[in-house]
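A.B. asks: Quick one: structure below, then a few questions.
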Amino acid sequence: DTGVSQNPRHKITKRGQNVTFRCDPISEHNRLYWYRQTLGQGPEFLTYFQNEAQLEKSRLLSDRFSAERPKGSFSTLEIQRTEQGDSAMYLCASSRRTSGGAGDTQYFGPGTRLTVL
Amino acid sequence: AQSVTQLGSHVSVSEGALVLLRCNYSSSVPPYLFWYVQYPNQGLQLLLKYTTGATLVKGINGFEAEFKKSETSFHLTKPSAHMSDAAEYFCAVRDGGSNYKLTFGKGTLLTVNP
């Protein structure tokens, strides 16, 4: 069990550019989540996948954001036409479905810190 | 809608002193409750969780939390603080249904003084 990995760890971009982040979940975890964390705040939910299906999207996820999880393994989060307000830590988490759902524990990756200049 | 309130954005204790980090939640259904810890420039690490059963939950690194339904609280404690406990702590809640997203509090930064 190697944990959740995210790449890149840091990304600096200019306003208006597109960026893409990758998340590799713990193997055999069928659920994958994206959160955004800004300075001084707790993580905020963005979206959630069960296998390859995107089951829920937050209102925070504007049209400039798109997430995919082809084949139900790794996931990508793309931000188009970045804005300075997109600067944040983007966290990925994964979990494994358990009987009854009570034990569904999310394990987090180290995050990708995005800075938009 | 769920919400989590962490009282005190910054708590400072002396090494060896009791640690008490407060968390109150609101949820329309029986909740699942979590405490995570975050060290600088790192992701979140699960400390402990409450799902069902015993209301006093023990976690890693000597931390424990008690679920009090009547007070809608899930406070985190540790009898004796260690320097390595200095970090940011987040309380989170999830509905007990099919909604799997976590709702986090704003976090409490714990400082441990020598």
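The values are calculated or read from the model by the stated rules, or taken from the named source; none is laboratory data. Predicted model only: the values in this text are computed from it and were never measured. Cβ sites come from the backbone with ideal geometry, for glycine too, and all protein chains shown count toward neighbours.
A.B. asks: Of all residues being part of a loop (DSSP other than H, G, I, E, B) and among the polar types (S, T, N, Q) in the stretch B:65-82, which is modelled with the highest pLDDT? Just the residue, please.
C.D. replies: Restricting to residues being part of a loop (DSSP other than H, G, I, E, B) and among the polar types (S, T, N, Q), the top hit is B:80.
A.B. asks: Right, another one. Output the number of residues of the stretch B:54-107 satisfying the condition of being within 13 Å of the chain's Cα centre (by Cα), of a type in the set (Asp, Glu) and over 25 Å from residue A:37 (Cβ atoms).
C.D. replies: Going through the stretch B:54-107 one residue at a time, the tally reaches 2.
A.B. asks: Just checking, does the stretch B:52-64 include any residue being among the hydrophobic types (A, V, I, L, M, F, W, C), surrounded by fewer than 17 Cβ atoms within 10 Å (Cβ to Cβ), in a loop (DSSP other than H, G, I, E, B) and more than 8 Å from every other protein chain (Cβ to nearest Cβ)? Spell out the reasoning first.
C.D. replies: Step one: filter the stretch B:52-64 for residues among the hydrophobic types (A, V, I, L, M, F, W, C), giving B:54, B:56-57, B:60, B:63.
Okay, now just the ones that are also surrounded by fewer than 17 Cβ atoms within 10 Å (Cβ to Cβ), so B:54, B:56, B:60.
Narrowing further to those that are in a loop (DSSP other than H, G, I, E, B): B:54.
This time we only want the ones that are more than 8 Å from every other protein chain (Cβ to nearest Cβ), so: B:54.
Scanning the stretch B:52-64, I find at least one residue that is among the hydrophobic types (A, V, I, L, M, F, W, C), surrounded by fewer than 17 Cβ atoms within 10 Å (Cβ to Cβ), in a loop (DSSP other than H, G, I, E, B) and more than 8 Å from every other protein chain (Cβ to nearest Cβ), so the answer is yes.
A.B. asks: Can you name the residue in the stretch A:22-65 that is surrounded by fewer than 14 Cβ atoms within 10 Å (Cβ to Cβ) and among the charged types (D, E, K, R) and, of all such residues, is modelled with the highest pLDDT?
C.D. replies: For the stretch A:22-65, the residue satisfying everything is A:64.
A.B. asks: May I pose another question? Starting from the stretch B:82-94, keep only residues that are under 26 Å from residue B:26 (Cβ atoms), then list their pairs with residues that are surrounded by fewer than 17 Cβ atoms within 10 Å (Cβ to Cβ) whose Cβ atoms are within a distance under 6 Å, requiring at least 6 positions of separation or different chains.
C.D. replies: B:87/B:39; B:88/B:109
A.B. asks: Any residue that is over 17 Å from residue A:107 (Cα atoms) and away from chain B (no Cβ under 14 Å) - is there at least one of those in the stretch A:19-38?
C.D. replies: Of all residues in the stretch A:19-38, those over 17 Å from residue A:107 (Cα atoms) come to A:19-21, A:38.
Still in the running and away from chain B (no Cβ under 14 Å): A:19-20.
Taking every residue of the stretch A:19-38 in turn, at least one turns out to be over 17 Å from residue A:107 (Cα atoms) and away from chain B (no Cβ under 14 Å).
A.B. asks: Tell me the residue from B:7, B:20, B:44 that is closer than 30 Å to residue A:9 by Cα, of a type in the set (A, V, I, L, M) and out of contact with any helix residue (DSSP H, G or I) (no Cβ under 8 Å at 6 or more places or on another chain), please.
C.D. replies: B:44
A.B. asks: Here are some conditions: (1) surrounded by fewer than 21 Cβ atoms within 10 Å (Cβ to Cβ); (2) at the interface with chain A (Cβ under 10 Å from one of its Cβ atoms). Residue B:44 meets all but one. Which one does it not meet?
C.D. replies: Condition not satisfied by residue B:44: (1).
A.B. asks: Name the residues in the stretch B:4-25 that are on the phi < 0 side of the Ramachandran plot, part of a loop (DSSP other than H, G, I, E, B) and not hydrophobic (A, V, I, L, M, F, W, C), would you?
C.D. replies: B:6, B:9, B:15, B:22
A.B. asks: Which pairs have Cβ atoms under 6 Å, sit 6 or more apart or on different chains, and link a residue in the stretch B:35-58 that is more than 18 Å from residue B:103 (Cβ to Cβ) to one that is among the hydroxyl-bearing types (Ser, Thr, Tyr) and assigned to a strand (DSSP E or B)?
C.D. replies: B:57/B:50
A.B. asks: Quick one: which strands (runs of 3 or more DSSP E) lie wholly within the stretch A:1-62 and hold at least 1 residues that are farther than 17 Å from residue A:88 by Cβ?
C.D. replies: Counting at least 1 such residues, we get A:5-7, A:19-24, A:31-37, A:44-50, A:53-57.
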